[in-house]
Amino acid sequence: MLTFRPGYFLLTFLLFVVEVSIALFAHDRFVRPYAGDFLVVILLYCFGKSFLKIPALPLAMTVLLFAYAIETAQYFHLVNRLGFQNHNIIRIILGSSFEWGDMLAYTLGIVFVLLVEQKLLSNLQP
C-alpha cells in the first residue's frame, strides 16, 4: 500500500511553490481565491499519490470530500469557534469564509485530475 513515486512528489513540491506564491503575491479576485482552490486539491491528490498505492478515483473522492469538509467548517466559522482567529497560519490553511465558488473550484480541480489520470492510463495501454 505504501510506495514512493518521485514524479508525483515533484508535482506536489511544484504545486506547493505555486500555492505559496499565490498566497504571497496574488491579491486579485480570481487567481488567489479560485485558481488557488483549483490547484490545492491537485496538490493534495499528488501528495497522496506520492506515498499511497491507491486507485485514482478513491483518492480523488477522498481529497474532494476533505476539501468540502474544510469549506463547510468555514461556513460554521470553526476557526473562530476554536479560538484561532488571531493565528495567521491556521487561518490561511483552514480559511475563514465560505464560498460556493470554492466548492466549484475544488470540484473542477478533481475533475481535471481524473481526466489527466484517465488520459495518462489510456496512453499506457497498448
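The values are calculated or read from the model by the stated rules, or taken from the named source; none is laboratory data. Just so you know, these numbers come straight off a predicted model, no measurement behind them. For neighbour counting, all protein chains shown are included, and Cβ atoms are generated from backbone atoms with ideal geometry for every residue, glycine included.
Of all the residues in the stretch 34-65, those that are of a type in the set (Val, Ile, Thr) and either modelled with pLDDT under 95 or more than 20 Å from residue 96 (Cβ to Cβ) (or both) number 4.
Being touching a residue at least 24 places away in the same chain (Cβ under 8 Å) and of a type in the set (Val, Ile, Thr) is the filter; apply it to the stretch 4-49 and report the residue that is farthest from residue 68 (Cα to Cα). Checking each candidate, the answer is 12.
On the stretch given as the stretch 52-68, residues that are among the β-branched types (Val, Ile, Thr) and within 15 Å of the chain's Cα centre (by Cα) total 2. The set of residues from the stretch 85-110 being over 23 Å from residue 30 (Cβ atoms) and in a loop (DSSP other than H, G, I, E, B) comprises 85, 86, 87. Just checking, does the stretch 88-100 include any residue being surrounded by 17 or more Cβ atoms within 10 Å (Cβ to Cβ) and either within 25 Å of residue 4 (Cα to Cα) or under 12 Å from the mean Cα position of the chain (by Cα) (or both)? Scanning the stretch 88-100, I find no residue that is surrounded by 17 or more Cβ atoms within 10 Å (Cβ to Cβ) and either within 25 Å of residue 4 (Cα to Cα) or under 12 Å from the mean Cα position of the chain (by Cα) (or both), so the answer is no.
Taken over the stretch 1-38, residues that are touching a Lys or Arg at 6+ places or on another chain (Cβ under 6 Å), within 20 Å of residue 89 (Cα to Cα) and buried (at least 17 other Cβ atoms within 10 Å of the Cβ) amount to 1. Taken over the stretch 101-110, the criterion of being surrounded by fewer than 14 Cβ atoms within 10 Å (Cβ to Cβ) and either hydroxyl-bearing (Ser, Thr, Tyr) or under 13 Å from the mean Cα position of the chain (by Cα) (or both) is satisfied by 104 alone.
The listed residues are 79, 113, 63, 41, and the only one of them that is surrounded by 12 or more Cβ atoms within 10 Å (Cβ to Cβ), touching a His at 6+ places or on another chain (Cβ under 9 Å) and part of a helix (DSSP H, G or I) turns out to be 79.
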